[in-house]
Amino acid sequence: MKDLLKIALVLAMVFASTFLIMQSTGLVTEAGVKVWFESAREIHAGWIVALILTLLLLDLFIAVPTMTTILLAGFLLGPWLGGVAAAVGLMLLGTTGYGLGRRYGRAVLLRLFKDERRLDDVESAFGKNDLLTLFVCQALPILPELSCTLAGITRMRFWRFAFGYAVGVVPFAFVVAYAGSISTVSDPSPAIYTAIGLSGALLLAWTLLKQSTRQQQPTDCR
């Protein structure tokens, strides 16, 4: 629970500091941000969808702020089109990771992901609870990419993988897109509360899953 409170506090501070800096420095004014967003809304929706899909797919290879991208999709495209674009983008990320894992094996993990301790945790959880790991894969950065790649490495049946991953990311995409659609520059509270609430809930689920996995491991009787 202490970790959850820390994450919630950090998220709140990050969002709040952005607007404090904006107001205090005058370098980025609220009016200027509004003009930028209104201009972005005039771009054809097809181009925005293509951008969202590209950013989410790129998250497999470089760090892209997934939740921020989906909030922006909801703000610019509305809750339904923004949710669809985000969901499709996340599914593209997942199936690409699955394909890479199935084709190249564990070597792709060592190339893409450098944190061996986190990799060991995910491998252990995935080996015992593959579907549950996919359900909560948005709990942490890199966890979705790791989970999808592991699904391919372990030769998890594709339709089982697609079901588990979709359950984990499609509702997430629509909830976050909806929060983005009802947020404004003047009132970003829906986005802030959604970021804190979803992150905390998913992290709690991931923590419980890891604890359950450790309890399932056989003890050394020597």
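Where a number appears in this text, it was derived from the coordinates with a stated rule and is not lab data. Since the model is a prediction, treat every value here as computed from it, not as a measurement. Note that each Cβ is placed from the backbone with ideal geometry, even for glycine, and that neighbours are counted across all protein chains shown.
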With r as the distance between the Cβ atoms of I182 and F61 and R0 = 30 Å, compute the FRET efficiency 1/(1 + (r/R0)^6) and round to 0.05. 0.40
Length released on extending from Y104 to L131, taking residue separation times 0.36 nm less the Cα-Cα span: 7.5 nm
Given Cα positions, please report Rg to Rh for the stretch 39-213, the hydrodynamic radius being the Kirkwood one. 0.99
Report the paramagnetic label zone for T54: residues of the stretch 81-111 whose backbone N is under 17 Å from a point 7 Å from Cα along the Cα-to-Cβ axis. 85-86, 89-90, 92-93
